[in-house]
Structure formats: C-alpha cells, structure tokens
Amino acid sequence: MLDIKVLGSGSSGNCYIVGDGQSRLLLDAGLPIRQIQTGCDYKVNEVAGCLVTHKHKDHSKAVRDLARRGVKVYGTQEMRENGLPITVLKRQAQDLTSIGVGTFNVRPFMALHDCECYGYLIHSLVTNDKLIYLTDSARIPYRFKGVDYWMIEANYSLKILDEKVADGMDETRANRVINTHMSIEKLLTYFQGFDHLPAREIHLIHLSNDNSDADAFQRQVEAVTGVPVYIA
C-alpha cells in the first residue's frame, strides 16, 4: 500500500508526500520550505524527487529552496523559462517521457489549465500500486485503467458557482474557474463511466474555500464509486 500525507491543499498552497516504504515523492511544492521540512520529519534530503504540476506559486513556491537542499525537482518547460531550477520532462512526439524517481515509475501527461500543466501517473515498483495525481485541470484527459489511488481535484460545484454569480460574483472570474479547474460534476460523470472502479482510495484535493462543499463531495463520490473517499 501507498502512504499519502497531505501537507497543504488549496489556493493557499499545495504539497503532498507519497511513499511506498522505500521511496518518498513530493507532489507539488506550494508551501514555505519550513512547512515542507516539518512534513518530511526534517529529512528532505531523503526525498527521491519532487513532481511539480505547473508554475503557479501555490504549487511551486518552494522549488528553489528544495533544489538548494539537493532535491531533484521535475516540471514543465514553462517553469524553466520562468527561471525555476527544475528538470524539464521531455516530449517524444505528442507523448511525455516516463522517468524513474526512486522506486517509482512516473509518466506525466498534459492537463488543461491556463498555463502548461502536467498530471502524473505514478507506479510503485515496490507495491505495484498505481496513483493518479491531477490538479488544476478543467477535465480528465484520458480514461485511466487499473488505478489504485486517485489524488484528484474537485475544486468547485457548478451549482454553487451559479448561485454565486446570481448573487453578484464577477462572471469573468467564474468563467476562469470553469475553464481551468475540475468541477465535482465533471468528476462524478467521469467515475460514472466505469462499471467497476478497482481503487483502494480516492483523495479529493484542491477544494475551493468558497465554491465547494466537502461533506457533500465526499458523499457523492463514495456513492458513485463505492470507494473510501478522503478530503485533503
């Protein structure tokens, strides 16, 4: 089994630790380095690597600090062009190249955000578990099979967002959310497309403080999938 630890999730900063008993990965680095060090039990140097989804600060804040401490950070070409010290995950034709990080095989894939953004399919060679990490994406770009763990965005409810717009929320802001983040409605539709979801756990991440309902989201996803759901 994989061990998943949430250090931060949401617009104030995103960072998670995934371990398989032999290696640990950081997923995103959107918190101050001291919080990440504390979450890693002050053993950041033992982290096999850090996978960053995109350049926005709530996902990349500590990239430089991690690199200075010897952690290899992986991410997009756009992040490198913005001066971040990362190893760029390279393309072969339309596909992104798989890499080995510690005891994990990592395959990045393109997400749908307002900048270059990756999701990650992570396979532990120790436990043979597969994990999808996808945040800041308006939709799920592929139909993944045999996934044991999902760490996936459920940022907002379209119903709640519509109510906010009716109450005076700026429509431009609402449309940006719709075009760059995952709604609970889209996530439920995706999971409903499976006859059986052979997953151990689903972790809902990057919930909006204003436009989500954590308890309702948890109940809805559990009802559709029959899988234990956790809110980050």
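The values are calculated or read from the model by the stated rules, or taken from the named source; none is laboratory data. All of these numbers come straight from a predicted model, not from anything done at the bench. Don't worry about glycine lacking a Cβ; one is built from the backbone with ideal geometry, like all the others, and counts go over all protein chains shown.
Please name all residue pairs, on different chains or six or more residues apart, with Cβ atoms under 9 Å, provided the first residue is in segment 179-198 and is more than 11 Å from ILE152 (Cβ to Cβ) and modelled with pLDDT of 95 or more and the second residue is among the acidic types (Asp, Glu) and surrounded by 14 or more Cβ atoms within 10 Å (Cβ to Cβ).
THR180/ASP136; HIS181/ASP136; HIS181/GLU153
Any idea how many residues of segment 191-219 are out of contact with any strand residue (DSSP E or B) (no Cβ under 9 Å at 6 or more places or on another chain) and either surrounded by 12 or more Cβ atoms within 10 Å (Cβ to Cβ) or not in a helix (DSSP H, G or I) (or both)?
Total meeting the criteria: 8.
Could you run through segment 93-142 and say how many residues are of a type in the set (Lys, Arg) and either closer than 15 Å to GLN77 by Cβ or surrounded by fewer than 19 Cβ atoms within 10 Å (Cβ to Cβ) (or both)?
Total satisfying the criteria: 2.
When you scan segment 194-205, do you find a residue that is more than 25 Å from TYR16 (Cβ to Cβ) and not small (Gly, Ala, Ser), even just one?
Yes.
For GLU185, which of the numbered conditions (1) surrounded by 18 or more Cβ atoms within 10 Å (Cβ to Cβ); (2) closer than 18 Å to SER208 by Cα fails to hold?
Among (1) surrounded by 18 or more Cβ atoms within 10 Å (Cβ to Cβ); (2) closer than 18 Å to SER208 by Cα, GLU185 violates only (1).
May I ask you to list the residues in segment 115-165 that are charged (D, E, K, R), over 10 Å from the mean Cα position of the chain (by Cα) and more than 17 Å from GLU201 (Cα to Cα)?
Of everything in segment 115-165, those that are charged (D, E, K, R), over 10 Å from the mean Cα position of the chain (by Cα) and more than 17 Å from GLU201 (Cα to Cα) turn out to be GLU116, ARG139, ARG143, LYS159, ASP162, GLU163, LYS164.
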